[in-house]
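The values are calculated or read from the model by the stated rules, or taken from the named source; none is laboratory data. Quantities reported herein were computed from a predicted structural model and do not represent experimental measurements. Reconstructed Cβ throughout: ideal geometry from the backbone, glycine too, with neighbour counts over all protein chains shown. Heads up: the accessible areas ignore ligands, DNA and RNA and are worked out on the full protein's heavy atoms, side chains in. Shrake-Rupley method; radii C 1.70, N 1.55, O 1.52, S 1.80 Å.
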Amino acid sequence: VQLVESGGGLVQPGGSLRLSCAASTSIFVINVIGWYRQAPGKGRDLVASISSGGSTNYADSVKGRFTISRDNAKNTVYLQMNSLKPEDTAVYYCHCLRYGINIWGKGTLVTVSS
């Protein structure tokens, strides 16, 4: 499985972005896909995840602002980010676990700044 993120960029505080994570295989068989982020000088933290059944999980810092969704037909997982704050600035990575192996995309940079 390969994961490719897209949709990052520069946005002003209060703005919105939608990130996409395209998988090279059917995501229907992937149990959980997650979005993580890593700010400069910090560790990589879970932002949101979604199961094959549609159950979602969010970090407290993004609840009510971010929404994760999946389109099995397009083999894509999305992260809709609204009301962005400067502290959301980070590289955002897509992740899944397949056969016990952690699969990561290369990431997409999100910069929130005026």
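Below are the figures for this structure:
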{"read-out": "Test result for residue 114, assigned to a strand (DSSP E or B) and open to solvent by 10 Å² or more (accessible area, probe 1.4 Å)", "value": "no"}
{"read-out": "Residue tally, condition touching a Lys or Arg at 6+ places or on another chain (Cβ under 8 Å) and aliphatic (A, V, I, L, M), over region 1-20", "value": "2"}
{"read-out": "Matching residues in region 1-53 - criterion: being of a type in the set (Gly, Ala, Ser) and more than 15 Å from the chain's Cα centre (by Cα)", "value": "14, 15, 24, 26, 41, 43, 52, 53"}
{"read-out": "Filter result (out of contact with any helix residue (DSSP H, G or I) (no Cβ under 9 Å at 6 or more places or on another chain) and of a type in the set (A, V, I, L, M, F, W, C)) within region 90-114", "value": "90, 91, 94, 97, 101, 103, 104, 109"}
{"read-out": "Count - residues of region 26-38 that are under 11 Å from residue 1 (Cβ atoms) and at pLDDT 90 or above", "value": "1"}
